[in-house]
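The values are calculated or read from the model by the stated rules, or taken from the named source; none is laboratory data. Predicted model only: the values in this text are computed from it and were never measured. Please note that ligands, DNA and RNA were not included when accessible areas were found on the heavy atoms of the full protein model with its side chains. Shrake-Rupley method; radii C 1.70, N 1.55, O 1.52, S 1.80 Å.
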Amino acid sequence: SIIGGFCTVGNLAKGAFFFDQMLISKCTPNDITFHFLVKGFSNSVLDISKQEKMSNYSKSVFLDVYQRMISDGWDCQTAVYSSIIVCLCLRGMFRTALQLRNKIASKGCISNPISFAAFLHGICSEGISEQWRSIVSCNLNEQELHVAEKYSLVFDQYSTNGMTSEASHILHALIKEEHYQELRKYQSFS
């Protein structure tokens, strides 16, 4: 209700902050919470960075990821859904993130490198990193893998130990693997 109220009146920084606090407190969000976040951020014409400066509620994973994605040229809806998935995965709600992914996939939203990196973080935090290929598929090209790695390093900043995560190591290995495959294709054409 609090998140919905803030998003409805356009106080998105507070809505995002309380969403993050909700997840930290291990309170599982529902479809209504997601709806308010998506509607609030998708319909917003406010300058989020200006609003953030006016607020004491600026320390939010959601806002950080959302702002980065918007500044990198992602569309608003992709940025908001990805930000939700990132928050869920980084805050120990990986299974809820998978359920949300399935719901938005049925609406035609496709996965992206940022969500893929978030899912890797969630899988690794669950301690099942050796099973990642059976949980999420990777059909990213080398450029998309670099985007995933860039965001993964941002996600590492929110980890409690402050070290490069296993997820970032997996992404780095995938980039190397993709690079070598591209080299082999190029050499076979020569």
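Before anything else, pin down the relative contact order of the chain: Cα pairs under 8 Å, at least 6 apart, normalised by residue count, whole percent.
Reported relative contact order: 16 percent.
Please compute P(r) over all alpha-carbon pairs of the range 92-136, binned at 5 Å starting from zero, and give each bin as a whole-number percent.
Going out from 0 Å in 5 Å bins, the range 92-136 shows 5, 23, 31, 27, 11, 3, 0 percent.
Carbon and sulfur atoms: what percent of the 1.4 Å accessible area of the chain do they account for? Show your work: numbers first, answer last.
Values: 5420 of 10320 Å².
Exposed carbon and sulfur together represent 53 percent of the surface.
Based on the alpha-carbon gyration tensor of the chain, what equivalent-ellipsoid semi-axes (square roots of 5 times the eigenvalues) come out, in whole Å, largest first?
30, 17, 16
Once you've got the GNM for the chain with C-alpha springs shorter than 10 Å, pick whichever of Ile135, Ile114, Ile123 has the biggest mean-square fluctuation.
Comparing Ile135, Ile114, Ile123 in the GNM, the peak value goes to Ile135.
Which helices pass in the chain if a helix is a full DSSP H run, must span at least 24 angstrom along its long axis by Cα, and must have mean Kyte-Doolittle hydropathy not below -1.0?
166-189
So what is the accessible area of the chain per residue, in Å², with the probe set to 1.4 Å?
Numbers: 10320 Å² over 190 residues.
Normalised by residue count, the accessible surface of the chain is 54 Å².
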